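The values are calculated or read from the model by the stated rules, or taken from the named source; none is laboratory data. It should be emphasised that the depicted structure is a prediction, and the values quoted were computed from it without experimental measurement. So basically every Cβ, Gly included, is an ideal-geometry build from the backbone, and we count neighbours across all protein chains shown. Surface accessibility is based on the protein's heavy atoms, side chains included, excluding ligands, DNA and RNA. Shrake-Rupley method; radii C 1.70, N 1.55, O 1.52, S 1.80 Å.
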Amino acid sequence: MSQEDYLRDISEIKTLMNKSSRFISLSGLSGILAGIYALIGAAFAYWLVSNSGREYLILDGTVFRLIILDLIIITVLSIGTAIFLTTKKAKKNNEKIWDSLTKRLLTSFIVPLLAGGIYIIIILSNQKYGQTGALMLLFYGLALLNASKYTLGDIKYLGYTQIVLGLISALYPGYGFWFWVIGFGFMHIIYGAIMYFKYDKK
């Protein structure tokens, strides 16, 4: 066996091991679209608050309910787009979309995210609004970091970025909205674009 054949075999083995241990069908385009959804939703929320006559939210107020609905719509659109595009990519690459690896990935992602969501609801019910944006960024970043071991390693860098933004936001609670826009809007678009040109365009 020549050295070239030996190196090719090692490369093929490495590729197979990577496919069997990591879910690699995530779509970069879904990240771009999630960022766009977040920016549109943030613009709508900003418009709502700016025209409400108040600089703060009331938990049982109409504006607050509309903002929660806005967040739900962003989340549903982002998840729905990710599922659709990832499934399409997996079928194109002849890869399984639902197996034990996918279950481990989702569990690793959902558990910290769900814990964070419950905690945020608890503090909101106690009328503590100042750290909401920071907590959303922190728990989302932790969820990404936790799930990164089962998918593309690049995701951990997005996770680190969200955590850092969350910590900075905690230092400047008055600017939580803008850090949220950077984290969930612009960083998703940047990350999605990098992943698209790095993996999807091949």
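Here are a few things to note about the model shown:
- With protein chains left intact and a 1.4 Å probe, residues in segment 94-202 average 57 Å² of accessible area per residue.
- Gain upon complete extension [I97, L69; 0.36 nm per residue less C-alpha separation]: 7.1 nm
- The trypsin sites (Lys or Arg not before Pro) of segment 96-168 meeting both criteria, a DSSP state outside H, G, I, E and B (loop) and at most 15 other C-beta atoms within 10 angstrom of the site's C-beta, are K96, K128.
- Restricting segment 56-141 to chymotrypsin sites (Phe, Trp or Tyr not before Pro) that sit in a DSSP loop and have at most 11 other Cβ atoms within 10 Å of their own Cβ leaves Y56, W98.
- Accessible-area composition of segment 70-202, carbon plus sulfur, in percent [1.4 Å probe]: 72 percent
- Estimated FRET transfer efficiency when R0 is 22 angstrom, pair I194-K149 (beta carbons, to 0.05): 0.70
- Using a Förster distance of 25 Å, the FRET efficiency for Y129-Y160 (Cβ separation, nearest 0.05): 0.45
- Extending 7 Å from Cα along the Cβ direction at L106 and again at T87 yields two label points whose distance is 1.1 nm.
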